[in-house]
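Asker: Before I ask anything, here is the structure I am working with.
The values are calculated or read from the model by the stated rules, or taken from the named source; none is laboratory data. A quick note: this is a predicted structure, and the numbers were derived from the prediction, not measured. Note that each Cβ is placed from the backbone with ideal geometry, even for glycine, and that neighbours are counted across all protein chains shown.
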Amino acid sequence: MADSTQLLSHSQADSAESESTPPSDQKHLPISLDSRIERFLGDFGWAQFLQAALVSLAWIFDAQQTFISVFTDAHPKWHCTQLGDESCDDSVSNICHLPKNSWAWDWPAHTSIISEWSLECAASIVTGLPASSFFMGCLAGGLVLATLADSSLGRKNVLFLSCLTMSVSSLLTVFSTNIWIYSALRFVCGFFRSTIGTCSLVLATELVGKRWRGQVGVMGFFCFTLGFLSLPAIAYMNIGFSWRNLYLWTSIPGIIYSTLVRFLVRESPRWLFVQGRENEAMATLKCIANATPDNSSLTWTFSGVSSFEHETGNNNLYSAMKILLEKRWALRRLSAVMVMGFGMGLVYYGMPLGLGNLAFNLYLSVTLNALSELPSSMVTFFLIGKLNRKSSIMVFTSLSGVCSIMCALKGKEWRKFQIGLELVSFFSACTATNILFIFTIELFPTLVRNSAMSMLRQALVLGGVFSPMLVAVGRRGDGFSSYGVFGLVIGCCGLFAGCLPETRGRTLCDTMDEEEHKENVACNIGGLGNV
């Protein structure tokens with residue numbers, strides 16, 4: 001915790017930024033709100049850690065709702081009931097061509113929506129409707145709710161409302177009586193789930209200084225991994241029980257968590273200040289600081305800030321998106337980020353869905369995929385401060401692409417290596433995605449940061465929409481149409497990182513003018529260097 005009296009000195013407060021700037025440009029630099037808040041809060045205190053940890057727990061429930069259909073909508077195993085019936089072979093026969101009394105499910109019918117609602121012979125578009133509805137809801141929710149956290153509601157309120165409504169809709173899913181009601185509720189669940197990850201990540205990282213920004217962001221990735229990993233465990237404990245139990249076990253804790261967020265989490269002081277709510281920003285800083293500051297130091301924290309920090313024209317719902325589209329540099333950055341997000345989403349959502357195409361146990365392969373996210377998060381956590389964002393993204397996307405293409409190679413000698421190659425590809429895609437999230441936070445200022453993150457999530461989900469189609473084609477024996485395409489797309493999309501500026505070690509900007517000013521200064525310095 002830094003001594004609050006240090007804030008009374010302008011030269012001390014902004015020395016960090018001055019050291020990295022040529023003398024000729026120092027007098028033109030605005031006084032940064034980011035550096036002042038960072039000096040005021042100190043390096044990283046317990047109050048900030050507890051706030052960031054509580055906010056990051058939302059990723060657990062996000063992951064559970066994203067992948068829960070892998071088990072609730074699974075096609076259950078069956079067996080022949082009439083011994084000696086040569087027409088029935090549970091390894092090769094199609095049950096739709098067999099008499100109803102010649103076969104039976106291995107487990108009670110209520111263990112899956114397929115067996116409970118007799119959907120075993122329904123068209124693939126019907127059986128896949130719930131999963132498709134969830135991702136379509138994510139797309140719709142991302143478009144409608146994307147800028148609420150940047151405009152009227154703020155990060156905390158959007159996180160609370162999104163997590164609560166997602167959990168309530170998941171709880172209502174328990175009372176579904178047919179595939180159509182079930183699909184509609186999955187759409188609602190996806191609609192409100194769409195903003196949870198972005199709000200959680202942005203709010204957590206805006207509560208800490210730049211040195212710990214990457215590590216705090218990785219806390220959310222760890223929680224997402226825990227949520228993903230919890231599903232095989234919950235499903236295994238409920239073998240033989242109704243699929244509705246899975247929704248009960250995941251929705252009720254989500255509702256309890258939402259209540260904790262409402263009463264224990266503080267709003268981002270950066271967002272409050274950009275919205276002109278300085279008194280609330282000061283109150284938040286007092287709450288999460290390790291020591292109780294005097295009012296004069298708090299007043300100084302905001303009073304000397306340049307006019308760059310007072311850009312508060314973001315009160316309209318979609319004004320943040322308008323600002324992003326109007327600025328050429330912002331549109332260029334957003335386009336590159338979304339292209340990369342699409343490629344990573346195609347692999348990230350497609351790999352788990354395609355595990356059934358590999359010659360490996362489904363429960364074990366899902367568990368291994370979830371476990372592979374742990375080393376991915378560990379790599380990001382310990383190396384994010386040392387990794388260049390651009391080069392690391394290109395390396396991991398290329399590795400994921402090569403391994404994914406190798407999964408599509410045919411031959412008995414390759415089948416034994418398929419699960420290993422798939423895990424390396426999935427690990428690389430996860431690591432690249434983690435770095436891209438941190439990269440995006442650093443590329444955009446507070447005024448539009450959550451909207452940019454929401455658009456990145458939209459691109460990831462869009463990749464998830466297309467991945468089931470490719471997996472379905474792969475089930476017909478054409479492996480290259482799934483894993484081969486996955487590899488080509490993520491490898492090519494990762495190259496777009498080269499179009500973006502490096503952000504490692506930079507302070508966060510709060511307004512478009514401040515970010516634009518910083519980019520112009522960097523360009524001028526680069527031009528002088530070339531001369």
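Asker: Can you say whether R155 is farther than 23 Å from W271 by Cα, touching a residue at least 40 places away in the same chain (Cβ under 8 Å), assigned to a helix (DSSP H, G or I) and basic (K, R), as far as the supplied structure shows?
Answerer: In short, no.
Asker: Enumerate the pairs (first residue in the stretch 347-361 and closer than 22 Å to L460 by Cβ; second residue anywhere and modelled with pLDDT of 70 or more and of a type in the set (D, E, K, R)) with beta-carbon separation below 7 Å, excluding pairs fewer than 6 apart on the same chain, so at least 6 apart or on different chains.
Answerer: If the second residue must be modelled with pLDDT of 70 or more and of a type in the set (D, E, K, R), the pairs left are M351/E422.
Asker: Please report, ordered by residue number, the helices (runs of 4 or more DSSP H) entirely within the stretch 428-531 with at least 2 residues that are modelled with pLDDT of 85 or more, more than 20 Å from the chain's Cα centre (by Cα) and over 30 Å from P352 (Cα atoms).
Answerer: none
Asker: Hey, can you tell me all the residues within the stretch 318-335 that are under 14 Å from S454 (Cα atoms) and part of a loop (DSSP other than H, G, I, E, B)?
Answerer: Answer for the stretch 318-335, where residues must be under 14 Å from S454 (Cα atoms) and part of a loop (DSSP other than H, G, I, E, B): just Y318.
Asker: Taking K386 as the residue in question, decide whether it is at pLDDT 80 or above and not in a helix (DSSP H, G or I).
Answerer: So K386 passes the test.
Asker: Of T173, T177, T250, which residue is closer than 30 Å to W117 by Cα and not in a helix (DSSP H, G or I)?
Answerer: The conditions single out T177.
Asker: Which residue pairs have Cβ atoms closer than 8 Å, lie 6 or more positions apart in sequence or on different chains, and pair a first residue in the stretch 242-269 that is closer than 25 Å to L285 by Cβ and acidic (D, E) with a second residue that is at pLDDT below 95 and not in a helix (DSSP H, G or I)?
Answerer: Going by the 8 Å Cβ cut-off, there are no qualifying pairs.
Asker: Could you list, in sequence order, all residues of the stretch 116-137 that are surrounded by fewer than 22 Cβ atoms within 10 Å (Cβ to Cβ), in a helix (DSSP H, G or I) and among the polar types (S, T, N, Q)?
Answerer: S124, T127, S132
Asker: Follow-up question, since we're still on this one. Only one of (1) surrounded by 22 or more Cβ atoms within 10 Å (Cβ to Cβ); (2) more than 18 Å from the chain's Cα centre (by Cα); (3) of a type in the set (A, V, I, L, M, F, W, C); (4) assigned to a helix (DSSP H, G or I) is not met by L207, so which one is it?
Answerer: Only one criterion in (1) surrounded by 22 or more Cβ atoms within 10 Å (Cβ to Cβ); (2) more than 18 Å from the chain's Cα centre (by Cα); (3) of a type in the set (A, V, I, L, M, F, W, C); (4) assigned to a helix (DSSP H, G or I) is unmet by L207, namely (4).
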